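Before any comments, here is the structure.
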Amino acid sequence: MSVVKPLKKLVSCVILDLDGTLINTDGIVTDILKVFLVNYGKQWDGREAHKIVGKTPVEAAAMVVEDYDIPVTKEEFLSQITPMFSERWSNIKALPGANRLINHFKSHGVLMALASNSPKSNIETKISYHKGWKDSFSAIVGGDEVTAGKPNPEIFLEAAKRLGVHPFSCLVIEDSLPGVTAGKAAEMEVVAVPSLPKQSHLCSSADEVINSLLDLHPEKWGLPAFQDWVEGTLPIDTWHIGGPVTRGFGRGSKVLGIPTANLSTEGYSDVLSEHPSGVYFGWAALSTRGIYKMVMSIGWNPYFNNTEKTIEPWLLHEFTEDFYGEELHLVIVGYIRPEANFPSLESLIAKIHEDRRIAEKALELPIYSKHKGDPYLYNL
């Protein structure tokens, strides 16, 4: 959900964090720590993830060593685990909206810098796997080039200096609390895009908190607006997900009057981590029934406060019977809005029906209707 404070000033350049802001490193961190800690008879459960997000490598190492009581020094920990990360850098994906944002600002001549607590050599290696990124940034500042990393503001002040601009003219985009704190201490405007679920409240000092880069509206800051929204929807790179229809929470038809065709998230943890929570739409195929328009939510459904990230598609057709167990394939083609909480059940239901109307209308447009022929819908 986007939270906006009254804007204090307009900006002319953008300073971006890298890990968790532009690239999806959280899943890789989890995978590597799970494997690494087993060697010491420990188990990474993710509950301590908030302690290391946005920290320098040395700070993160110290926290893991201390919290899990590992019989190594933080330096030994880093020497053992760094090669494991290096092997995975080529597989780190850009987060949804990252390429769109970088290409948009570059095409409009907006100055951009990268400022990350990671060593500069690591930053340059990571971005080398993403076409056009290195040439898009006029400055890159690593944590090893300053005396203190975030939350100290030095790294952002150095980035502004290298861009040749005043800190007042900079917009910082960050995923972590240390980054948000550093940006505000540098007297810059800050947009927070929390990379950990249900952490928006921790970034209240930011000037705006958004759900994902898809929800950034640069015109709020005096920067060129995106021009790719189409009738209240944003075209995205298509992605697929499927499986047998399962029984959900029992609230779709009974509580909301909206029969959702729930999918199990088992086996789809990587897919779920790649896509931000929100409301999407596209095409759905049932193995014995045909192809239908579809609108869906991904996330924790704040009104019901789910404990797990779920996928809840609504096939836009009046079915006369249940189809539990039937194979369902989804092709997701567009984005409508971020996940949000609502003051009442009635307002939630009204918003879901508004989402339906937007999706039904949009799917008639050629940019979306062409995906009705996606082979995935017929491979059941």
### Task
Please find, within the range 343-360, the residue that is surrounded by the fewest Cβ atoms within 10 Å (Cβ to Cβ) out of those that are among the basic types (K, R) and either within 26 Å of E327 (Cα to Cα) or not assigned by the TED database to the domain that holds Y280 (or both).
R357
### Task
Among the residues of the range 105-129, write down those that are part of a loop (DSSP other than H, G, I, E, B) and open to solvent by less than 20 Å² (accessible area, probe 1.4 Å).
V110, N117, S118
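Name every residue in the range 11-22 that is open to solvent by less than 20 Å² (accessible area, probe 1.4 Å) and closer than 21 Å to L202 by Cβ, in order of residue number.
From the range 11-22, those open to solvent by less than 20 Å² (accessible area, probe 1.4 Å) are 11, 13-18, 20-22; that's our starting set.
Listed by number, the residues that qualify are I15, L16, D17, L18, G20, T21, L22.
Scan the range 75-99 for residues that are of a type in the set (V, I, T) and part of a loop (DSSP other than H, G, I, E, B) and jot them down. Talk me through it step by step, then tell me what you get.
Taking the range 75-99 and keeping what is of a type in the set (V, I, T), we get 81-82, 92.
Within the range 75-99, I92 is the sole residue that qualifies.
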### Message
With the requirement that a residue be of a type in the set (A, V, I, L, M) and within 20 Å of the chain's Cα centre (by Cα), what does the range 114-159 give you?
### Response
L114, A115, I123, I127
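Please enumerate the residues belonging to the range 184-201 that are without any contact (Cβ under 8 Å) to a residue 60 or more places away in the chain and either in contact with a helix residue (DSSP H, G or I) (Cβ under 9 Å, 6 or more places away or on another chain) or under 15 Å from G20 (Cβ atoms) (or both). It would help to see each step written out before you state the result.
Step one: filter the range 184-201 for residues without any contact (Cβ under 8 Å) to a residue 60 or more places away in the chain, giving 184-187, 190-192, 194, 201.
Residues satisfying the conditions are A185, A186, E187, V190, V191, A192, P194.
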### Message
Anything in the range 281-309 that is under 27 Å from the mean Cα position of the chain (by Cα) and open to solvent by 20 Å² or more (accessible area, probe 1.4 Å)? List them, or say none.
### Response
K293, S297, W300, N301, P302, Y303, F304, N305, T307, E308, K309
### Query
For the range 146-163, does any single residue satisfy the condition of being outside any helix (DSSP H, G or I), closer than 13 Å to I15 by Cα and either modelled with pLDDT of 95 or more or open to solvent by 30 Å² or more (accessible area, probe 1.4 Å) (or both)?
yes
#### Entry: Single match in G183, G267, G179, G278 (criterion: more than 30 Å from E364 (Cα to Cα) and touching a Phe, Trp or Tyr at 6+ places or on another chain (Cβ under 7 Å))
G183
### Query
Of all residues in the range 14-62, which are part of a helix (DSSP H, G or I), touching a Ser or Thr at 6+ places or on another chain (Cβ under 8 Å) and modelled with pLDDT under 80?
D26, G27, A49
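Only one of I173, I210 is open to solvent by less than 10 Å² (accessible area, probe 1.4 Å) and either over 18 Å from G149 (Cβ atoms) or more than 16 Å from the chain's Cα centre (by Cα) (or both); which? Even if it seems obvious, please write down each step before you answer.
Working: I173 fails: either over 18 Å from G149 (Cβ atoms) or more than 16 Å from the chain's Cα centre (by Cα) (or both).
That would be I210, the only listed residue that is open to solvent by less than 10 Å² (accessible area, probe 1.4 Å) and either over 18 Å from G149 (Cβ atoms) or more than 16 Å from the chain's Cα centre (by Cα) (or both).
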### Task
Tell me which of these L18 doesn't satisfy, since it passes every other one: (1) more than 30 Å from L234 (Cα to Cα); (2) touching a Lys or Arg at 6+ places or on another chain (Cβ under 7 Å).
(1)
### Message
As an exercise: evaluate I102 against (1) assigned to a loop (DSSP other than H, G, I, E, B); (2) β-branched (V, I, T); (3) buried (at least 20 other Cβ atoms within 10 Å of the Cβ) and give the number of the one condition it does not meet.
### Response
(1)
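Going through the range 87-99 one residue at a time, which ones are over 25 Å from S277 (Cβ atoms) and open to solvent by 50 Å² or more (accessible area, probe 1.4 Å)? Lay out the reasoning, then the answer.
Just the residues of the range 87-99 that are over 25 Å from S277 (Cβ atoms), to begin with: 87, 89-90.
Within the range 87-99, E87, S90 qualify.
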### Query
For T181, which of the numbered conditions (1) at pLDDT 95 or above; (2) in contact with a Lys or Arg (Cβ under 9 Å, 6 or more places away or on another chain); (3) part of a loop (DSSP other than H, G, I, E, B) fails to hold?
(3)
### Task
Run down L196, L171 and say which single residue is farther than 22 Å from D237 by Cβ, modelled with pLDDT under 95 and aliphatic (A, V, I, L, M).
L196
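For the range 200-224, how many residues meet the condition of being among the aliphatic types (A, V, I, L, M) and assigned to a helix (DSSP H, G or I)? Outline the logic, then answer.
Let us first name the residues in the range 200-224 that are among the aliphatic types (A, V, I, L, M), namely 202, 206, 209-210, 213-214, 216, 223.
Retained after the next criterion (residues that are assigned to a helix (DSSP H, G or I)): 202, 213-214.
So the count comes out to 3.
The values are calculated or read from the model by the stated rules, or taken from the named source; none is laboratory data. Just so it is clear, the structure is predicted and the values come from calculations on it, not from any experiment. As a convention, Cβ positions derive from the backbone with ideal geometry for all residues, glycine included, and neighbour counts pool all protein chains shown. To get the accessible areas, we keep the full protein, side chains included, count just its heavy atoms, and leave off ligands, DNA and RNA. Shrake-Rupley method; radii C 1.70, N 1.55, O 1.52, S 1.80 Å.
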